[in-house]
Amino acid sequence: MRYAPSDLPVFTLTTGPVDAYPAVLRGLAATVLYDYDPAFQATYQRVTEKLAGMVKSETMPVLLQGEPVLGLEAAAVSLIGRDDVVLNLVSGVYSKGFAPWAARSGAEIVELAVPYNEVIDPAAVARALAARPDVTVVALCHHDTPSGTINPVAEIGAVVKAHGALFLVDAVSSFGGMKVDAESAAIDLLVTGPNKCLGCPPGLTILGVSNRAWAKMKANPQAPRASILSILDWEDAWRADQPFPFTPSVAEINGLEAAIDLYLAEGAEKVWARHALTARACRAGLKAMGLAIWPADESFASPTATAVRTPDGIDEAELRAQVRARYGVVLSSGRGETLGRLTRIGHMGPTAQPLYAVVALTALGGALGALGHGVDVGAGAAAALAVIDAG
Ligand SMILES: *Cc1c(COP(=O)(O)O)cnc(C)c1O
């Protein structure tokens with residue numbers, strides 16, 4: 001044991017890393033096979049094939065051996081060359097943070113930005129593309145997690161497709177918790193990972209790649225090869241009869257398969273409904289306690305994380321410290337521009353259980369009371385329960 005039991009939180013209701021599913025932990029503890037053992041090669045192919053049905057990309061998904069920031073950097077430097085013009089759609093901290101990777105090749109970056117409590121309007125994307133017909137790549141963060149906002153990815157995807165540019169999407173914190181896939185949103189390079197809504201620890205990237213994106217990467221002389229950042233090197237690695245460029249993360253693959261099996265056994269629609277219901281219950285409870293969500297409109301509030309605006313006069317770090325110390329509940333802070341201005345309650349994978357909304361609401365309400373900002377915790381719990389009972 002690394003931690004004394006008294007040091008452990010009772011509930012980790014964060015926006016990732018999440019407290020992994022017990023079945024995933026058992027998967028991680030499976031025998032670590034030699035990567036060229038036929039049994040592991042078969043596992044690797046099987047995991048990729050299962051993922052293909054979830055990612056719905058034109059070609060087999062690619063796994064990279066590092067948590068999804070590796071995947072975002074790899075996607076940027078593989079897809080984007082110096083002759084590209086990139087339209088970066090900025091609605092929050094992650095989408096803004098994509099620009100330096102996109103710019104590394106020397107490409108020109110055009111930014112379309114909205115305030116970090118708003119989302120990107122597909123019509124504005126159409127106007128931006130009409131103004132810059134030379135845009136070749138459009139980048140979007142589907143769920144900009146530090147804001148808890150969901151961009152209309154399918155509508156934007158349709159606009160990008162009509163323009164003819166390649167569409168690169170960070171779907172790290174939405175994938176597995178709501179509908180998002182390469183096919184329905186016309187995504188050429190979908191970047192995600194198992195460490196948010198699939199309930200795994202951080203350690204892998206999942207990529208969905210279109211035929212056009214492969215062609216573009218192969219034609220890009222700047223795309224990394226023989227590098228931890230290489231996507232190209234892994235194109236055929238999913239096949240049991242093909243070599244790996246280097247040793248894959250054997251234990252993580254076993255954990256991922258356990259997560260996928262849970263997801264498929266429950267059924268995607270049910271998993272998404274569980275996330276959505278948890279978030280709805282959470283928002284109803286917050287409203288009943290007189291607290292405001294960070295998104296400017298509830299219609300684009302995330303089903304996988306709820307961002308709560310910090311009441312005036314409250315120190316957000318102290319609030320989370322009180323939530324942890326009093327009740328053993330861990331919540332997430334904002335990031336960058338949203339740091340100190342909101343608290344995030346994750347509803348991801350194992351914690352996308354409606355009653356956890358009540359746990360988060362009561363802990364948050366109790367801590368606010370302790371800091372002199374009394375709220376009606378009972379009303380919050382009752383409002384959340386009413387949503388849960390209505391299903
Ligand atoms: C979590 C997350 C990532 C991966 O970054 P971390 O290092 O795990 O924070 C990338 N994009 C988004 C939108 C995320 O939520």
Under a 1.4 Å probe, counting only protein heavy atoms, L33 has an accessible area in Å², nearest 10, of 60 Å²
Take S249, S78 and sort them by solvent-accessible surface of the protein heavy atoms, 1.4 Å probe, largest at the top. S249, S78
If you stretched the chain out fully between D261 and A317, how much longer would it get, using 0.36 nm times the residue separation minus the C-alpha to C-alpha distance? 16.4 nm
With the Cα gyration tensor of segment 137-280 giving a ≥ b ≥ c as the square roots of its eigenvalues, does the rule (a/c under 1.5 for rounded; else a/b larger than b/c for prolate; else oblate) give rounded, prolate or oblate? oblate
Once a ≥ b ≥ c are taken as the square roots of the eigenvalues of the Cα gyration tensor of segment 145-227, is the result rounded (a/c under 1.5), prolate (a/b larger than b/c) or oblate (a/b not larger than b/c)? oblate
Taking every Cα atom in the chain, find the radius of gyration and the maximum pairwise distance Dmax, and write them in Å. 21.0, 64
Just how far, in whole angstrom, is segment 274-303 from segment 175-212 if you go by their alpha carbon centroids? 24 Å
Just want to confirm a number: the relative contact order over segment 31-264, from Cα pairs under 8 angstrom separated by 6+ residues, in percent. 27 percent
How do Y356, Y263, Y3 stack up against each other in accessible area, from largest to smallest, with a 1.4 angstrom probe? Y3, Y356, Y263
Using just the helices of the chain, give the 222 nm mean residue ellipticity in deg cm²/dmol: DSSP H runs with n ≥ 4 each add -39,500 (n - 2.57), and the total is spread over all residues, rounded to 500. -13000 deg cm²/dmol
Sorted by accessible area (1.4 Å probe), largest first, how do T362, T14 line up? T362, T14
To the nearest Å, what is the center-to-center distance of segment 97-131 and segment 1-39, using C-alpha atoms only? 37 Å
Below 11 angstrom from the Cβ of A305, what's the summed charge of the other residues (Lys, Arg +1; Asp, Glu -1)? +1
So how exposed is R309, as accessible area in Å² (1.4 Å probe, rounded to 10)? 90 Å²
List the relative contact order of the chain as a percent without decimals, with contacts defined as Cα pairs under 8 Å and 6+ residues apart. 23 percent
Where a ≥ b ≥ c are the square roots of the eigenvalues of the C-alpha gyration tensor, would you call segment 313-360 rounded, which needs a/c under 1.5, or, failing that, prolate if a/b is larger than b/c, or oblate? oblate
Keeping all protein chains in the complex and leaving out DNA, RNA and ligands, what accessible area do you get for M60 with a 1.4 Å probe, in Å² to the nearest 10? 40 Å²
Could you pull out every whole DSSP H run in the chain that spans at least 24 Å of Cα extent along its own axis and averages 1.6 or higher on the Kyte-Doolittle scale? 354-370
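The values are calculated or read from the model by the stated rules, or taken from the named source; none is laboratory data. Source: prediction; values computed, not measured. So basically every Cβ, Gly included, is an ideal-geometry build from the backbone, and we count neighbours across all protein chains shown. Ligands, DNA and RNA are stripped out before the accessible areas are found, and what is left, the full protein with its side chains, is counted by its heavy atoms. Shrake-Rupley method; radii C 1.70, N 1.55, O 1.52, S 1.80 Å.
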